[in-house]
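No lab work stands behind these numbers, since they all come straight from the coordinates. Computed from a predicted model, the values in this text were never measured in an experiment. Positions of Cβ are generated from backbone atoms using ideal geometry, with glycine treated the same way; all protein chains shown enter the neighbour counts.
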Ligand SMILES: [Zn+2]
């Protein structure tokens, strides 16, 4: 009944909503996939592929990508970026496209913006990719993003109603006092969803040093943890967060719950940090308007104007490059300048170089090298974890066993409205039975709560 009611409410919301993406600069999921595939044909440092997975009759065919200069020998650090975990946060995947244009199309407006705003010239990017492999999922929640594109503007769940940021096998299934099934249902079991399994397998095999998931709904930056009430204490996390914040956000930072007081369970961030032991794990909330009117889900989660859109995609594509540069500096003791002579090439070498099999680029970075160059003040490096096809980068880190933290900050907004929605099932029943005016009233209330919930 609740699901049926929710559908009614969302339909009413959509009808009542006047806001929508401006498709003169936003891109559909299929346009993003097509352009990335097209770029990869002429961009030797970009490879894209598809990965299928299914749970019963629910199947997805996800695109994944890798930026890497496979022709460059030597050790490489690794960074994974996930875009589009929640359908309604369209702007997230727009950043993936911007990043690909910066990397693959020297001379483009996107590349020019990266050079002008942050000094990330094509030579700088080329140098970065001689030392960094950057794997990414451009649209993790592709089924629902397509629904959002057709007007289901408040939908954050996957194609069968599961929040894939509550489906990870770490503290899975715990329901806090603010739990909202319509926004946070974590599935029948951990990793029940094909989207989550595809990402898990890709990231676990890749063994990155850094991970970031790009969300929207507010402009804040988070580090672990989501499920307890304190932020992680590792100095490296704080140092990197501070660096990226100063250059790209100048916003509130911390663990999500420190800001919101709302705990989330089974999240990607906590899985990456605690289970896969990725030392530099973040969630970035890159845009959105928490004060948007209740009927305007698109505006609540996305830039509306072209100017706002450009600012977001330019800034956060730059932030990912900054993160990559910092990972290279910390793990390899190499500062990317765009001016350094590279082996076999002169300074300012173009981004496009001879292609080579990407599989050959799984160069190992030893824990010893990481310890030498890397996360100062974090203690001795642990033994490296063996990785199929290459050794893993395992940076030193320390997690206090009693660490407490709170969860995600945009969830503060969700928590604020949690009580309002907590009464929703009863109100909804009335709405369904009576219909008409009561139904519309309930629809607007639910729409408001839905539009305020974020990561
Ligand atoms: Zn989100």
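List of remarks:
- Dimensionless Rg/Rh of the stretch 199-244 - Kirkwood Rh, Rg from C-alpha atoms: 0.99
- Relative contact order, percent, the stretch 56-211 [alpha-carbon distance under 8 Å, six or more residues apart]: 32
- Were the residues from residue 52 through residue 116 laid out at 0.36 nm apart, the gain over their Cα-Cα distance would be 19.1 nm.
- Exposure proxy shown here: for 175, 147, 295, the number of other Cβ atoms within 10 Å sets the order, fewest to most, as 175, 147, 295.
- Fewest neighbouring Cβ atoms within 10 Å first, the residues 68, 331 line up as 68, 331.
- Take 49-60, 33-44, 200-211 and order them by the average number of nearby Cβ atoms within 10 Å per residue, most first; the result is 200-211, 33-44, 49-60.
- Take every Cα pair under 8 Å whose residues are at least 6 apart in sequence, average their separation, divide by the length of the stretch 241-344, and the relative contact order is 20 percent.
- Relative contact order computed over the stretch 114-206 (Cα-Cα under 8 Å; 6+ residues apart), in percent: 22
- Per-residue Cβ neighbour rank within 10 angstrom, fewest leading, 248, 238, 27: 238, 27, 248
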